[in-house]
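One structure is given below, encoded as C-alpha cells.
The values are calculated or read from the model by the stated rules, or taken from the named source; none is laboratory data. Quick caveat, the model's predicted, so the values are computed rather than measured. Virtual Cβ from ideal backbone geometry, glycine too; neighbours counted across all protein chains shown. For accessibility, only protein heavy atoms count, side chains too; no ligands or nucleic acids. Shrake-Rupley method; radii C 1.70, N 1.55, O 1.52, S 1.80 Å.
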Amino acid sequence: MNSHATAPATAEVPRLEDKTIQPIPLNERHGKARDLFTIWFGSNIMIMTIVTGGLATTVFGLGFVPAIVGIIIGNVVGGIFMALHSAQGPQLGVAQMIQTRGQFGSFGALLIVVIVVVMYVGFFAANLVFGGEAMAAVSPGISVDAGIIIIGVVSVIATIFGYRLIHAYARVLSVAAGLALLLAFGWILVVHGLPSSFLEQGNFNWVGFMGTISVSALWQLAYAPYVSDYSRYMPQGTGSAPAFWASYSGCVLGTLFPMILGALVGTLAMTMSADNVEIVGSLGALLQPWTLIIVGIFCLGVAASNAMNLYCGVLCTLTIGQTFRPNWLPRAKTRSIAAIILFVLAVSIALFARDNFILFYTNFLSFLMYVLVPWTAINLVDYYLLRHGDYRVEDFFKRDGGVYGRFNWIAIGSYVAGALIQVPFSATAIYTGPMAAALGGVDISWIVGLVVVAPLYNIAARVFRKKTEAAPFPSAALTADLI
C-alpha cells in the first residue's frame, strides 16, 4: 500500500496511556500482529456473545443446525469488514473516527461520531445488564444491580489506564476464557448430554435465518468504528495483511464459539420450557457445579469488552470536542473524566432498563445495522479503492478540514441515501417496510445498503471530488509522527 519509512528507535511507552486522539508517533509504535488476535479473541468470549447467539434459537425460533449455519455465515462475512478497518490503524496511526474526517469532512464526520458514541453507550449498558445477571446467578449474595456496578467500575479502571492494560487483559483472557469455553462445551455435551428431541426443537424459517445472519454480521460490523483504535499503536511496518488476518481470525473465532454455545443453551432450554427462556440462568443451571468458575470467567470478559467500549466511546467524545477546538489535544486526565461521565450514563441506562432488556437489545441491534452499514461502505471504498491508504493526517486535525473540507457532501449524501434505501427492506418490531413484507418479513436491508452505497459513493467521488483531493497524497508514513 504505502512505502514505509524506517521507524526510529522505539521510545518507552507509559503504562498510563497519555495519548488520546492525537496521531501516535512512529517511535511510540509497538506490538506485533498477534496482539490483534488476542485482543479480539479474548474480549469476545463473554456473556453478551453467548446471549446474542441464543437469540437464534429463542427469539428467532430456529433449530440448532440452521442456527449454527446462520451464525457462521454472519460472522465469516461480517468479519471481513471489521478486519479491513483494523488494517487501517498501523498505516495512519489515528483513531477510526478521526480518520472518518477524511471521508466526511471535519464537521460532516460529527454525524457519524455522535451515532457511534450512542452505540458505545448502548453496548456498554447491554454488557452491564447481562454481566450483572450472570454475577447474580453464580453469586446469590450479589444482586443484579450490584453486579452491574462492579463490572462497570472494573471497566472504568481499565479505560483510565488505556491501551496497554486493555491489551494485556485480553491476552490473559484469551487463555482463561478459551479454556472455560472448552470446559463449558465438554460439560454440556458429554456430561449433561443432549435429549433425544434436541434436533427436533425449533425449525427453519427464512425470517429467523436472515435475522440470525444479520445479528451475527452486525456483531462484527459494530467493531468497525473502533477496531483501528486498537491497531493504531502497531509499527507501521506491521503490514495490512498481517493486521487483517490477525484481527479477522481473532474476532471471528472468539465470537463464533460463544454464539454457538448460546444457540446450544437456547435449544436445550426450549426443550424444557418454551416460555420465558433466559439464557444466562439456563447456562448457569447446565454448568453445575462449574457455574461459578466458568460464568465468573465469562464475566471477566464482559469487563474487558466494556473497557474497550468505554475507551473508544471516550475517544469519540473527545473527537467531538476537538472538532470545535482544533488546537486542543486532550491527555490522560481528560480521558479519565470523560470515561467517568460515560460510565455514569451507561450505568443509569442499565439500571433503568434491565427488566425488559432483551427487547431493547434486539431493537438496538436493528438500529445499529441501518446506521453502520452505509458508513462502513463509504469508509472502505474511500480507503482501499479511491485513496489506497494515502491521507494527509495533519489535515484531520484542522478546523476547516484541510483538503477534506468541513463537509464532504458526496459522502454525506451517499450515507443518507444508504440509510433511506434500507427502510423499505427493514423488518423490526417497530416497523416492517413494504419490500420486507413482500419477502415474508425477511430483513435484507443491510445487504441492500452495502450493494447500493459502495458503488454509489465510488462513482460519485470519482466524478465530483474536488481537484485538491484528486492530486496524489503524500504517504501516511510522512505524516504519522506529528507530535
With the Cα gyration tensor of the chain in hand, give its eigenvalues times 5 under a square root as the equivalent ellipsoid semi-axes, listed largest first in whole angstrom.
37, 26, 19
Simple label model, 7 Å out from Cα along Cβ direction - VAL451 to PHE464, nm:
2.4 nm
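Among 22-31, 61-70, 247-256, how do they line up from the highest to the lowest mean number of other beta-carbon atoms within 10 Å? All intermediate terms of the calculation are to be shown ahead of the outcome.
On the way: 22-31: 19.9, 61-70: 21.9, 247-256: 24.4.
Answer by packing, highest mean first, reads 247-256, 61-70, 22-31.
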Give me the net charge of VAL129's neighbourhood, meaning all other residues with Cβ under 13 Å from the Cβ of VAL129; Lys, Arg count +1, Asp, Glu -1.
-3
Tensor-based shape of region 314-457 (alpha-carbon gyration tensor, a/c under 1.5 rounded, otherwise prolate or oblate)
oblate
Send over the per residue convex hull volume for region 105-174, Cα only, as a whole number of Å³.
119 Å³
With the dipole of the chain defined by +1 on each Lys or Arg Cβ and -1 on each Asp or Glu Cβ, the option from THR432, GLY266, ALA168 whose Cα lies farthest towards the positive pole is ALA168
Provide, in order from the shortest bin, the percent of all Cα-Cα pairs of region 223-347 in each 5 Å bin, continuing until the bin that contains the maximum pair distance.
2, 8, 13, 14, 14, 13, 13, 9, 6, 4, 2, 0, 0
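Packing-wise, with mean Cβ within 10 Å as the measure, how do 98-111, 230-243 rank, highest first?
So the order, starting with the most tightly packed, is 98-111, 230-243.
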Under 18 Å from the LEU194 label point (7 Å along Cα→beta-carbon), backbone N, region 205-232:
205
Farthest toward the dipole's positive end in region 258-367, which of ILE349, LEU329, ALA307, given Cβ charges of +1 (Lys, Arg) and -1 (Asp, Glu) about the Cα centre?
LEU329
Report, to the nearest whole %, how much of the accessible area of the chain belongs to carbon and sulfur atoms, 1.4 Å probe, protein only.
70 percent
With N set to the number of residues, divide the alpha-carbon radius of gyration of region 61-122 by 2.2 N^0.38 Å and report two decimals.
1.54
Using the Karplus equation 6.51 cos²θ - 1.76 cosθ + 1.60 (θ = phi - 60°), what ³J(HN,Hα) coupling, rounded to whole Hz, does each residue of region 112-121 give in order, writing x for Gly and Pro?
5, 4, 4, 4, 5, 4, 4, 4, 4, 4
Output the Cα-based Rg and Dmax of region 11-169 in Å, rounding Rg to one decimal and Dmax to a whole number.
18.6, 54
Residues with amide H under 5 Å from that of LEU62, placed H, sequence gap 5 or more
THR57, ASN203
With the cut-off at 15 Å, report for region 185-275 the share of all Cα pairs above it, as a whole percent.
72 percent
I'd like the accessible area for TYR163, computed on protein heavy atoms only with a 1.4 Å probe and all protein chains in place. Round to 10 Å², please.
10 Å²
Taking amide H atoms as placed 1.01 Å from N in the peptide plane, list the residues 5 or more away in sequence, or in a different chain, whose amide H sits under 5 Å from that of TYR226.
none
Roughly how tilted is helix 409-422, in degrees to the nearest 10 and between 0 and 90, from the longest Cα axis of the chain?
20 degrees
So how strong a dipole does region 322-472 carry about its Cα centre when Lys and Arg Cβ are +1 and Asp and Glu Cβ are -1, to the nearest 20 debye?
660 debye
Pairing the Cα long axis of helix 240-272 with the longest principal axis of the chain, what angle in degrees results, from 0 to 90 and rounded to the nearest 10?
20 degrees
Using the beta-carbon distance between LEU182 and TRP328 and R0 = 35 Å, what value does 1/(1 + (r/R0)^6) give for FRET efficiency, to the nearest 0.05?
0.15
How far, in nm, would the chain grow between PHE352 and LEU292 when pulled straight, counting 0.36 nm per residue and subtracting the alpha carbon separation?
18.9 nm
Let me know the whole percent of all Cα-Cα pairs from region 256-303 that are separated by more than 18 Å.
29 percent
Please compute the per residue accessible area over the chain with all protein chains in place, 1.4 Å probe, rounded to a whole number of Å².
37 Å²
Per the helix-only calculation at 222 nm, which mean residue ellipticity applies to the chain, given -39500 (n - 2.57) for every DSSP H run of n ≥ 4 and division by its residues, nearest 500 deg cm²/dmol?
-21000 deg cm²/dmol
